[in-house]
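J.: Got a structure for you, written out below as structure tokens; questions coming shortly.
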Amino acid sequence: MRGTGQTDRIVIIGGGISGLSSAFYVLRQARESGRQVQVTIVEEAPQLGGKIDTLHKEGFVIEKGPDSFLARKRAIVDLAVDLGIEQELTAQNPNGRKSYILRGGKLHPMPQGLMLGVPTDLDGLESTELITEGAKQRVLQDLELAAQEGSDDESVGHFLERRLGKEAVQLLAEPLLAGIYAGDLYKLSLRATFPQFRDAELRHGSLIRGMQESRKASVAAAAGNDLPEHVRGSMFLTFRNGLSALVEALEQALPAVDLKLGVKAAAVRRLPQKGGNAAYEVELDTGEKLEADAVNVTVQAFGAAELLRPLMDVSELEAVRYVSVANVVLAFDKASFGLQFDGSGFVIPRVEGRQITACTWTSTKWTHTSPEDKVLFRCYLGRSGAEEVVELDDEQLIALVRREVKEIMGVNTEPQFAEITRLRHSMPQYPVGHVENMARLRKRAAEQLPGVWITGAAFDGVGLPDCIRQGKEAASAILDSLQ
């Protein structure tokens, strides 16, 4: 047991949203329980925030990384409340919720009731021109198909194909779901990415019926009284000054944290046991050495593997590969733009053979992002098996995007400016068996490296709320282990 009044030294490797939320909740919980802690964050980049990166330029609010989050995933809303910035939350434009799918070079309205690529409104399915009549009949077979027996994990693609058919996967599900992970649905773990699909099959005997119930629950959650009143009813939320507002609020809330920015954790070593706890030393690439009673590794899986490989088997971390993506933001003067958007944007199935994977009509979806006389949209590029586009030079990338948006939307206008963001090795791909792999890894870490935690987007959800939830859970586990 640790001595009364002893200060717990906690080093968090990684200053993204997982690491920041972990630090915030460690300090908060320690304060509430009268514990003394000393927290250090080591971040290789010169600033905090990880993939969150908001650019304010010429009156525009431009997200270079993620741009929003699901309202029903409450960890991020709860954090905003804890930070006192919940009034900064903003809802999606109710007039900009219509979305499109590109098919045959033409933008088709997304079928009414499509939820995570699964049709929940049968009238909407019947009326869509996105898939053939034969494919519609194959989708409806889901209502009669028996649930598959067994408990083995499978890929998202194989699951959806056996429930809904191949054409529905290619034209309805793949452009929506693969976009979340920039991945190949036939390689992504169902249990790790969309476990609600298998749960729907088992509980309701049909994916469609199960997702119909899930849709009702999602609508109720978005309208719930536990959300700030001004954002109720919106499925997606963000902050009016950009997601970086969350990072800034966290940084302001962590004045006692020792920030090591622009330096890399080069090694983690085990020290002789002290006071009933295993102690560690984190060596930085500057040569500085930090002693720690607990270490929380929140960097990408390959970075965590590099640090922990000398101490334990990290084969499960090495199985998580990453995909590189890019986005190109284009800003226009509305008077010369000549087009009006009636929705939030469109997604593109892989079978269309385009380099662009999706396009968000940002100034329509989020009205706070653009002056009233301007237009802003963002195009996404790169996915599993097609990452080379990310490495085109700036001129080539902008030319490619402008060519494709001209062909798809008829945009001929010269942009006011363009902003390119390359997110190399940024999208973790959860392989089949990922949940079991991570459970095995964490069990081994608990046995061999007590006091070391591994958390973040590579483990249990890539969205911002998932990372915040994991950071908060790690904070509780760390403090419990140091009792």
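J.: Mind scanning Lys98/Lys166; Lys73/Lys365; Lys57/Lys264; Lys365/Lys406 and naming the pairs with a C-alpha gap bigger than 23 Å?
T.: Too far apart for the 23 Å limit: Lys98/Lys166; Lys57/Lys264.
J.: Next question, about the same structure. State, to one decimal in nm², a quarter of the convex hull surface area for the C-alpha atoms of the stretch 322-427, i.e. the direction-averaged projected area.
T.: Values: hull surface 26.2 nm².
Quarter of the Cα hull surface area: 6.6 nm².
J.: Here's a follow-up. Could you calculate, for the stretch 110-222, the ratio of the Cα radius of gyration to the Kirkwood radius, expressed as Rg to Rh? Could you put the intermediate results ahead of the total?
T.: Details: Rg = 13.0 Å, Rh = 14.0 Å.
Rg divided by Rh gives 0.93.
J.: Taking the Cα centre of the chain as origin and charging only Cβ (+1 Lys, Arg; -1 Asp, Glu), how large is the dipole, in debye to the nearest 20?
T.: On the way: 55 positive and 66 negative charges, 102 e Å.
Computed about the Cα centre, the dipole is about 480 debye.
J.: When the helices in the chain are scored as -39500 (n - 2.57) per DSSP H run of 4 or longer and the sum is shared across all residues, what 222 nm value do you end up with, to the nearest 500 deg cm²/dmol? Present the calculation step by step, with values, prior to reporting the outcome.
T.: On the way: 17 runs with 164 residues, N = 483.
Calculated mean residue ellipticity at 222 nm is -10000 deg cm²/dmol.
J.: Take every Cα-Cα distance within the stretch 353-483, group them into 10 Å bins from 0 onward, and report for each bin the whole-number percent of pairs it holds.
T.: Bin by bin from 0 Å, the calculated values are 9, 28, 25, 19, 14, 5, 0.
J.: How big is the stretch 281-370 on each of its three principal axes, counting only the C-alpha atoms and giving the largest first in Å?
T.: Here the spans come out as 60, 33, 20 Å, largest first.
J.: Further, regarding this structure: Dividing the convex hull volume of the alpha carbon atoms of the stretch 1-99 by its residue count, what do you get in Å³ per residue? If you can, show how the numbers build up before the last one.
T.: Numbers: hull volume 15.5 nm³, N = 99.
Dividing the Cα hull volume of the stretch 1-99 by its residues yields 156 Å³.
J.: Sorted by average packing, counted as other Cβ atoms within 10 angstrom per residue and highest first, what order do 118-128, 13-23, 103-113 take?
T.: On the way: 118-128: 18.7, 13-23: 28.4, 103-113: 15.8.
The packing order, highest mean first, is 13-23, 118-128, 103-113.
J.: Quick one: Cα centre-to-centre distance for the stretch 276-305 and the stretch 169-197, in angstrom?
T.: First find each Cα centre; the distance between them is then 34 Å.
J.: For a quick check: sort Asp226, Asp293 by the number of other beta carbons within 10 angstrom, fewest at the front. Display every interim value, and only then the final one.
T.: Numbers: Asp226 10, Asp293 23.
Listed from fewest to most nearby Cβ atoms, that is Asp226, Asp293.
J.: Find the percent of Cα-Cα distances in the chain that exceed 37 Å, and round it to a whole number.
T.: Working: 34973 of 116403 pairs.
Summing the P(r) of the chain above 37 Å gives 30 percent of all pairs.
Laboratory data are not the source of any read-out in this text; all were calculated from the coordinates shown. Everything numeric here is computed off the predicted structure, so don't read it as measured data. Here Cβ is always computed from backbone atoms with ideal geometry, including for glycine, and neighbour counts include all displayed protein chains.
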